[in-house]
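In what follows, a structure is listed as structure tokens, so that the remarks can point back to it.
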Amino acid sequence: MKRFTFSIVVAMFAIAFLLVGCNSDKNEPSALELGIEALENEDKEEAKEQFQDASKEDKDEANEYVELMESAEKIHQALLDDEVEEAVNTYQEVEENEKFSLVTFIFADEEATLTQVLEERKLIDEKINALLAFFEPEDPEMSANELYMLKTNDMLEEEYVTSEQEEAIKEFQEAVQQIIDERTQGSESPQQKPEEEEKEEETEAPEEEGKQEEDKQEEDKQDEENGESAVLSHEEAKDAVYTYLYGEGAGDSSEDSNFKLEFDHDDGDAYVFHYYEVVDHGDGDGHTATLGWYAVDSKTGEVTDIME
């Protein structure tokens, strides 16, 4: 009887030991969790070791972290080697992955360069879109202006312009130049008319000129009555844009602000203004970020958001 009781006691101790062991294993963090914790502590070597030891069920996720670490290291090395294009392409391939933020510490020392490149390229895209808003080759009502050629040449000189952006800019330049050439050819002096036809026109000219002058005076009078002969100054047009943006009496706050509104050029009867922000990186460097382009009708004062 005593022997039977002893056996029962031994069995109970064995079961209790197994239960404690199981609970201990359950509370122990997995290799995957330890690897993630190492990344949070910016210890990439420890993270790699833990991910390599990940269990079978965690292996796919562990491998994903390893691949992201490799991408971050590739970005780091590319920036060190001044291979900006490779760094940007790699970054854009993985930036949407929600886990990527855990590995950006790997190229933290070079991140400012990467950010600058991406911001400058975004700014170039904005400039291209703004130019297309001023002049679209397929729209014959828009004017081709030599000023656009100068602006696009400046863009081609940008340090971080992409090959795709270069191609878009050059296509735009070719379209502008083609329209300018066509209009130049169309304005060339016509061939000399026959002498008899010229005499006939000279006879009719005084009467025709008198009629045209009367018509012009009548049009001017009607314009004056309708208020259409008044032309806004650049400053008045600028105030109109501020009113459009911020309401009546907003005024010019650019003197004490990073937000600037500047006259850019005339486009027919419209004054075109560039609205932008001056971004200071705090180390003496900075850039401008376009906020909008606005056209003001010099006769009516109507403001149009060109980028909408």
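The values are calculated or read from the model by the stated rules, or taken from the named source; none is laboratory data. Since the model is a prediction, treat every value here as computed from it, not as a measurement. Here the Cβ positions follow ideal geometry from the backbone for every residue, glycine too, while neighbour counts run over all protein chains shown. Note: areas computed on protein heavy atoms with side chains; ligands, DNA, RNA excluded. Shrake-Rupley method; radii C 1.70, N 1.55, O 1.52, S 1.80 Å.
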Going by the structure shown, is Ala72 assigned to a helix (DSSP H, G or I), open to solvent by less than 50 Å² (accessible area, probe 1.4 Å) and in contact with a Ser or Thr (Cβ under 7 Å, 6 or more places away or on another chain)?
yes
Go through region 75-89 and count every residue that is more than 14 Å from Lys44 (Cβ to Cβ) and crowded, with 19+ Cβ neighbours inside 10 Å.
4
Which members of region 29-57 meet the condition of being in a loop (DSSP other than H, G, I, E, B) and either under 17 Å from Val103 (Cα atoms) or of a type in the set (A, V, I, L, M) (or both)?
Asn41, Glu42, Asp43, Ala54
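The rows are residues; the columns are (1) in contact (Cβ under 8 Å) with a residue 60 or more places away in the chain; (2) among the β-branched types (Val, Ile, Thr); (3) outside any helix (DSSP H, G or I).
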site: Ser101; (1), (2), (3): no, no, no
site: Ile106; (1), (2), (3): yes, yes, no
site: Glu111; (1), (2), (3): no, no, no
site: Glu119; (1), (2), (3): yes, no, no
site: Ile124; (1), (2), (3): no, yes, no
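Take the conditions at pLDDT below 70 and either open to solvent by 30 Å² or more (accessible area, probe 1.4 Å) or among the acidic types (Asp, Glu) (or both) and apply them to Glu302. Does it pass? Don't jump to the end; show me each part of the working.
Details: at pLDDT below 70: no; either open to solvent by 30 Å² or more (accessible area, probe 1.4 Å) or among the acidic types (Asp, Glu) (or both): yes.
For Glu302, the condition - at pLDDT below 70 and either open to solvent by 30 Å² or more (accessible area, probe 1.4 Å) or among the acidic types (Asp, Glu) (or both) - is not met.
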What pairs come up if the first residue lies in region 233-248 and is over 15 Å from Asp269 (Cα atoms) and open to solvent by 50 Å² or more (accessible area, probe 1.4 Å), the second is in a loop (DSSP other than H, G, I, E, B) and charged (D, E, K, R), and their beta carbons are under 8 Å apart, counting only those six or more places apart or on different chains?
Asp239/Asp252
